[in-house]
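Visitor: Below is a structure I'd like to ask you about.
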Amino acid sequence: MANKHLNKGRLFLTLALIVGTIVGADAVRRDYSIQTDSGITVDGDFRNPASPVQDNNNTALGNTTQPPSQTGANLSYIGYSEFSIPSAQLSSGMLALIDETHPADTTANSNFVALADEKNEFYTLRSDDLLITSSAAEALNAMMADYNSATGLSDFIVYSTTQAYTGEDSVCGNYFPESITGNTVDLAVQGVNRVLEYDGMDEEAWIIENCANYGFVVRYPQGKEASHSKNACVWHLRYVGKVHSAIMAQNNLCLEEYLNWIKSYTFDSAPLITQSDGVTYEVYYAASMGDTTAVRIPVSGNYSISGNNSDGYIITAVK
């Protein structure tokens, strides 16, 4: 029988291809693991989809499913998972419209803190029992510190948050249903021997001009009465987060106008692309589909969801 000749060159080439294939497959596996397990938290409002997503009131919104097939028509879904939101969460979130005809979800487990324990030295409180969400408290502290740096003043009083004092001598005499969320602040000014209503004038106008930089908006601004159906009220601020407050300020929109305007930006058409603090975000609307609504959210986990308390949800995601 003839001896077979062993081709060492082919053997080495075959072994090299096998090793390369194994290394390449392991790199792909590691890369996918890194992408799906990152779960970075941004500004405290974004959650990892590996756990139930929560809104600003600490209420679970649902569970993610596996990413869709990434072939053919589903190429646009690469990097996104499907998330099911129960209809009970339509009234939850920082952007929920809450008024006499759109009641708040009173069953939500709100993540409130005592403002007296959180505040800095650049403003005072009418009462030590004021409650607020931790996100709004942090933003308020930053805003008041910068107000002091810009004006040299520390004359603001947080008059009310979740509850309003509406007695005869009140300088913030209105109570707004949205205050139950803990995302509102009613401001007054310390005058000489008395408390004054905040009218947005003089050096104190700095707050109106700059509050959007900290995530706040004047909830019932002048010139928008036809949209919000209230008398203008510059002393009542609403925390909506820096991404949304910036968009509203840039487009001169009150909350009612913004919630209608954002409906034209959907995941399947064209999300709104915006930047905040050097980070790029996409914002898009998903109409409510009944008992549960399926929305697309990034696999990375960098997103938040808010109901509008009417007909749909607003998703904010790091792009």
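Visitor: Looking at this structure, is residue 281 open to solvent by less than 10 Å² (accessible area, probe 1.4 Å), touching a strand residue (DSSP E or B) at 6+ places or on another chain (Cβ under 8 Å) and either within 19 Å of residue 261 (Cα to Cα) or part of a strand (DSSP E or B) (or both)?
Guide: It is true that residue 281 is open to solvent by less than 10 Å² (accessible area, probe 1.4 Å), touching a strand residue (DSSP E or B) at 6+ places or on another chain (Cβ under 8 Å) and either within 19 Å of residue 261 (Cα to Cα) or part of a strand (DSSP E or B) (or both).
Visitor: Test residue 265 against the stated conditions and say whether it is crowded, with 21+ Cβ neighbours inside 10 Å and modelled with pLDDT of 95 or more.
Guide: Details: crowded, with 21+ Cβ neighbours inside 10 Å: no; modelled with pLDDT of 95 or more: yes.
For residue 265, the condition - crowded, with 21+ Cβ neighbours inside 10 Å and modelled with pLDDT of 95 or more - is not met.
Visitor: Moving to a separate point now. Quick one: would you say residue 132 is at pLDDT 95 or above, open to solvent by less than 40 Å² (accessible area, probe 1.4 Å) and under 18 Å from the mean Cα position of the chain (by Cα)?
Guide: yes
Visitor: How many residues, within segment 194-248, are outside any loop (DSSP other than H, G, I, E, B), buried (at least 19 other Cβ atoms within 10 Å of the Cβ) and small (Gly, Ala, Ser)?
Guide: 3
Visitor: Take the conditions open to solvent by 20 Å² or more (accessible area, probe 1.4 Å), on the phi > 0 side of the Ramachandran plot and not in a strand (DSSP E or B) and apply them to residue 167. Does it pass? Break it down into steps so the answer makes sense when it comes.
Guide: Working: open to solvent by 20 Å² or more (accessible area, probe 1.4 Å): yes; on the phi > 0 side of the Ramachandran plot: no; not in a strand (DSSP E or B): yes.
No, not satisfied.
Visitor: So, one more: For segment 173-184, which residues satisfy the criterion of being within 18 Å of residue 97 (Cβ to Cβ), out of contact with any Pro (no Cβ under 9 Å at 6 or more places or on another chain) and open to solvent by less than 60 Å² (accessible area, probe 1.4 Å)?
Guide: 176, 178, 179, 181, 182, 183, 184
The values are calculated or read from the model by the stated rules, or taken from the named source; none is laboratory data. Everything quoted here is computed from the prediction, not taken from an experiment. In this analysis, Cβ positions are derived from the backbone assuming ideal geometry, glycine residues included, and neighbour counts consider all displayed protein chains. Ligands, DNA and RNA are stripped out before the accessible areas are found, and what is left, the full protein with its side chains, is counted by its heavy atoms. Shrake-Rupley method; radii C 1.70, N 1.55, O 1.52, S 1.80 Å.
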